[in-house]
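Student: Dropping the structure in here first, questions after.
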Amino acid sequence: MNKIALITGATAGIGKACAEKFAQNNYDLIITGRRKERLDQFQLELEKEYKIKVLSLNFDVRDNAAVEKAISLLPDNWKKIDVLLNNAGLAAGLDPIQTGSLADWEQMLDTNVKGLLYVSKQIIPFMIENKKGHIINIGSIAGKEVYPKGNVYCASKHAVDALTKGMRMDLLEHGIRVSQIAPGAVETEFSMVRLKGDQNAADKVYDGFEPLHAEDIAEVTFYVTTMPAHVNINDLLIMPTAQASATQLLRK
Ligand code: NDP
Ligand code: 8X3
């Protein structure tokens with residue numbers, strides 16, 4: 001086997017671009033997501049294009065029993081996971097706290113925080129056993145700053161920021177590297193999901209400036225893994241040149 005990366009949320013956006021980048025660099029991949037058709041199709045494309053081994057695991061990260069089951073069924077040679085990319089996540093809604101929806105809040109916290117924990121809980125023992133590994137959590141500018149109507153999404157990404165630090169401390173004795181990549185605006189399916197399929201509103205998010213592309217984040221994510229074993233990039237905040245903060249954008 002080549003080195004192995006497990007990427008959650010590989011059916012779209014940043015996770016998909018990261019899978020391509022790791023595949024180009026001869027990693028074998030475990031790709032996960034809820035949309036089985038996309039996952040299976042992507043698996044075939046990766047195997048054909050890059051001649052690597054790919055396993056696709058179809059689960060919702062919010063369902064701990066499903067996460068446990070899928071990972072417990074991994075063949076032993078797939079348990080030597082070098083990189084865990086905790087990427088699956090979303091924002092749901094853009095409402096002030098006083099009118100926000102409970103279902104949106106639960107979806108964000110259950111996916112971005114608890115889902116990340118459920119997957120990590122299954123993979124960390126393999127890394128401890130292997131005495132190495134690299135966990136990369138996809139945070140956000142929303143984990144560094146809070147912005148109006150960002151309330152619960154920002155809270156979930158602040159939790160990712162805190163968990164990244166906590167993981168690094170607790171896993172220090174096991175030689176496991178833990179990093180966070182925190183992007184600003186990246187044009188993916190993110191805004192369509194957040195704005196519940198309103199294409200016009202989603203397009204407006206990226207109007208008049210060049211956002212980051214998922215491939216930019218893949219480039220940086222792969223770079224973080226290429227450092228020598230004694231080097232850990234703790235935290236990497238990456239923004240479009242046209243974005244200075246969560247709320248300050250230069251639109252033409
Ligand atoms: P996309 O919507 O394009 O992709 C999200 C991915 O997460 C999909 O593959 C989706 O797969 C998966 N996912 C979502 N919910 C679940 C779930 N419950 N169980 C399993 N998989 C799930 O968005 P991005 O690529 O932009 O988002 C990826 C990460 O990057 C998220 O954590 C997001 O918060 C973060 N981020 C995004 C930024 C942006 O501006 N786009 C900026 C900063 C951070 P499926 O639907 O098939 O399950
Ligand atoms: C996604 C970026 O600014 O919409 O995490 O929160 S933002």
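The values are calculated or read from the model by the stated rules, or taken from the named source; none is laboratory data. Owing to the predicted nature of the structure, the values given are computational and were not obtained by experimental measurement. Cβ placement follows ideal geometry from the backbone for every residue including glycine, while neighbour counts extend to all protein chains displayed. Calculation scope for accessible area: heavy atoms of the full protein, side chains included, ligands and nucleic acids excluded. Shrake-Rupley method; radii C 1.70, N 1.55, O 1.52, S 1.80 Å.
Student: Output the residues belonging to region 51-75 that are open to solvent by 50 Å² or more (accessible area, probe 1.4 Å), outside any loop (DSSP other than H, G, I, E, B) and more than 21 Å from residue 89 (Cβ to Cβ).
Tutor: 69, 72
Student: Can you report the number of residues in region 133-155 which are more than 8 Å from ligand 1 (Cβ to nearest atom), over 27 Å from residue 228 (Cβ atoms) and polar (S, T, N, Q)?
Tutor: Selection size over region 133-155: 1.
Student: For the condition among the β-branched types (Val, Ile, Thr) and without any contact (Cβ under 8 Å) to a residue 12 or more places away in the chain, what is the one hit in 164, 188, 111, 99? Outline the logic, then answer.
Tutor: Working: 164 fails: without any contact (Cβ under 8 Å) to a residue 12 or more places away in the chain; 188 fails: without any contact (Cβ under 8 Å) to a residue 12 or more places away in the chain; 111 fails: without any contact (Cβ under 8 Å) to a residue 12 or more places away in the chain.
Only one candidate qualifies: 99.
Student: Any chance you could count how many residues in region 203-218 are open to solvent by 60 Å² or more (accessible area, probe 1.4 Å) and more than 21 Å from residue 87 (Cα to Cα)? Show your work before the answer.
Tutor: Initial filter on region 203-218 (open to solvent by 60 Å² or more (accessible area, probe 1.4 Å)): 203-204, 207, 210, 213, 215.
If we keep only those that are more than 21 Å from residue 87 (Cα to Cα) as well, we get 203-204, 207, 210.
The qualifying residues number 4.
Student: When you scan region 115-126, do you find a residue that is open to solvent by 40 Å² or more (accessible area, probe 1.4 Å), within 15 Å of the chain's Cα centre (by Cα) and over 21 Å from residue 235 (Cα atoms), even just one?
Tutor: The answer is yes; a qualifying residue exists.
Student: Check off (1) within 16 Å of ligand 2 (Cβ to nearest atom); (2) in contact with a strand residue (DSSP E or B) (Cβ under 6 Å, 6 or more places away or on another chain); (3) within 21 Å of residue 32 (Cα to Cα) for residue 184 and give me the number that stays unchecked.
Tutor: That leaves (3) as the condition not met.
Student: A follow-up question, please. Within region 150-170, can one find any residue that is of a type in the set (Phe, Trp, Tyr) and open to solvent by 60 Å² or more (accessible area, probe 1.4 Å)?
Tutor: no
Student: So, in region 104-157, exactly how many residues are charged (D, E, K, R), part of a loop (DSSP other than H, G, I, E, B), in contact with a helix residue (DSSP H, G or I) (Cβ under 8 Å, 6 or more places away or on another chain) and within 11 Å of ligand 2 (Cβ to nearest atom)? Explain how you work it out, then say what you get.
Tutor: First, the residues of region 104-157 that are charged (D, E, K, R): 104, 106, 110, 114, 121, 129, 131-132, 144-145, 149, 157.
Add one more test, that the residue is part of a loop (DSSP other than H, G, I, E, B), and what stays is 131-132, 144-145, 149.
From what's left, in contact with a helix residue (DSSP H, G or I) (Cβ under 8 Å, 6 or more places away or on another chain): 131, 144-145.
Then keep just the ones that are within 11 Å of ligand 2 (Cβ to nearest atom); that gives 144-145.
Of the residues in that region, 2 qualify.
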